[in-house]
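See below for the structure under consideration.
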Amino acid sequence: MPERLALDYNHMLSPRLGEARGIDPARLDALAERFRAVHAEVRRRREAGELGFFDPPYDTAILDEVRKFGDGLGQAFETIVVLGIGGSARGAIALRDALVAPFWNELDDDARSFYPKLYILDTIDPATIGPFLDRLDLGKTLFNVVSKSGSTAETMARFLIVRDRLAREFDGDGVRRHLLFTTDPEEGALRRIARDERIATLPIPPNVAGRFSVFTPVGLLPAALVGGDVARLLEGARDMDRRCATDVLADNPAGLFATLQHLADTDKGASIQVMAACCDRLYATADWFRQLWAESLGKRTNRAGDDVFVGPTPVAARGATDAHAQLQLWLEGPFDKTVTFLAVRDLDEDVEIPAGAATDPALAYLGGRTLGELLRAGRLATARALAERGRMNMTIELPRLDAHALGQLLMMLQIATVYAAELYGVDPLDQPGVERGKQLADGLMGRPGFAAPEASPPDPRFTSR
């Protein structure tokens, strides 16, 4: 039986931190009954089809379609380029970084087992996009354009640039062969273009929001194209879903994570919630979570339409790196943060520090140890130091960094997000603030039907030049 990830939240509670700082276990127990109602509401919305992210791990048709494409057309190219933004890219980046060998695109064909190189472009910076496209061999490249709506300006702008470059090098049929659209199954500009120009497509389920789409073709296809074990990934997600099927708070890891973070924010004023990846390959997962948590929970109004202005501020960090860059603030700054460590118990690889290599006696203690031991010691020391100063922290430990464990983690965090939304009383699926920003940008770019904001020249009195 696959091993399960563990959630250690001892350092979130007052017995370890002191009554003034940690969460009183009695307070957590008191919310256990409320959690039953939260869990029931999430289950109701799931059964109503509103929380579509629960479904893809069970959808064998999606997995079969991804595998078929990956084994066929996808393997005909030396380079895959994903054009997405935000939720259409970050899940794929998280899967790539966690499941694929580091420095993948720098490995030779044999070291990559002849899988393609994979680039995921989550930017529209011309200083990045222009030089990148200039050095691509278009004849050996497949572009996967990812947009559920098919109207995301940042994604469609890059698509138009790519299609123009392809059209200058190939005839119409050649252009078509170098494009794949991952989009809504029925509607939107990309779907219309795909029908008119016979471009291959993969569907994004209509009831799955972009930031929850990691287990759809948005995340699965890029991972499958470079050899990621997407079947095991989905198995891990299903195992976590079953684990979180209980309404007993103490037995539900997603419920515990959501409830602890909610109490830390609302009871203890810890509105900044750091997720520190203790290995480099999980940093993109922490960054994916940053969007998931922020966009789902940061809301002006609750479901009744009342102004509430709620939402914690998530921060992604690198464990060892930010222990040097941020720890001083975490330890001695305001009591406004929680830290969650993403840790891996059994590392696939380790590097020994040579015994006898130190020419200075002060370094001799490192000889014969490993970088993995140093990494683990740094995490444990940081967690202990935070606890000694009354700083709330917890650890999510994966048994190892493989597809099954990653599937558990990603599903747990998605479920925790919808639990937290119920605790805050907000809708985790809408994003009115994001939509307003898009409307203003579309107006500035001259999109028909969208008004540009009125010009407001800067007051020279308040402009430093």
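How do the helices (runs of 4 or more DSSP H) wholly within region 1-118 filter down when requiring 1 or more residues that are of a type in the set (D, E, K, R) and assigned by TED's automatic domain parsing to the domain that holds ASP247: which remain? First the steps, then the outcome.
Numbers: elements: 14-17, 25-47, 60-71, 90-99.
Once the helices (runs of 4 or more DSSP H) in region 1-118 are filtered for at least 1 residues that are of a type in the set (D, E, K, R) and assigned by TED's automatic domain parsing to the domain that holds ASP247, what remains is 14-17, 25-47.
Here's the yes/no breakdown for (1) outside any loop (DSSP other than H, G, I, E, B); (2) touching a His at 6+ places or on another chain (Cβ under 6 Å); (3) closer than 19 Å to LEU179 by Cβ:
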site	(1), (2), (3)
ILE193	yes, no, yes
PRO205	no, no, no
GLY228	no, no, no
ALA231	yes, no, no
Quiz prompt | Qualifying residues in region 245-259 (those that are among the hydrophobic types (A, V, I, L, M, F, W, C) and crowded, with 24+ Cβ neighbours inside 10 Å) - the one nearest to ARG67 (Cα to Cα) | solution = ALA254
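Checking the condition touching a strand residue (DSSP E or B) at 6+ places or on another chain (Cβ under 8 Å), in contact (Cβ under 8 Å) with a residue 24 or more places away in the chain and not aromatic (Phe, Trp, Tyr), which residue from LEU327, LEU342 passes?
LEU342
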Quiz prompt | Selection count where residues are out of contact with any helix residue (DSSP H, G or I) (no Cβ under 6 Å at 6 or more places or on another chain), farther than 20 Å from THR79 by Cα and surrounded by fewer than 22 Cβ atoms within 10 Å (Cβ to Cβ), scope region 116-152 | solution = 4
Quiz prompt | Residue among ALA405, ALA387 that alone is crowded, with 16+ Cβ neighbours inside 10 Å, part of a helix (DSSP H, G or I) and under 21 Å from the mean Cα position of the chain (by Cα) | solution = ALA405
Quiz item: Can you find even one residue in region 58-70 that is small (Gly, Ala, Ser), surrounded by 17 or more Cβ atoms within 10 Å (Cβ to Cβ) and touching a Phe, Trp or Tyr at 6+ places or on another chain (Cβ under 8 Å)?
Solution: no
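Can you find a residue in region 105-120 that is acidic (Asp, Glu) and under 20 Å from the mean Cα position of the chain (by Cα)?
At the first step, the residues of region 105-120 found to be acidic (Asp, Glu) are 106, 108-110.
Going one step further and asking which of them are under 20 Å from the mean Cα position of the chain (by Cα), we end up with none.
Checked region 105-120: no residue is acidic (Asp, Glu) and under 20 Å from the mean Cα position of the chain (by Cα).
The values are calculated or read from the model by the stated rules, or taken from the named source; none is laboratory data. Keep in mind it's a predicted model, so treat the numbers as computed, not measured. Glycine gets a Cβ as well: all are built from the backbone with ideal geometry, and neighbour counts include every protein chain shown.
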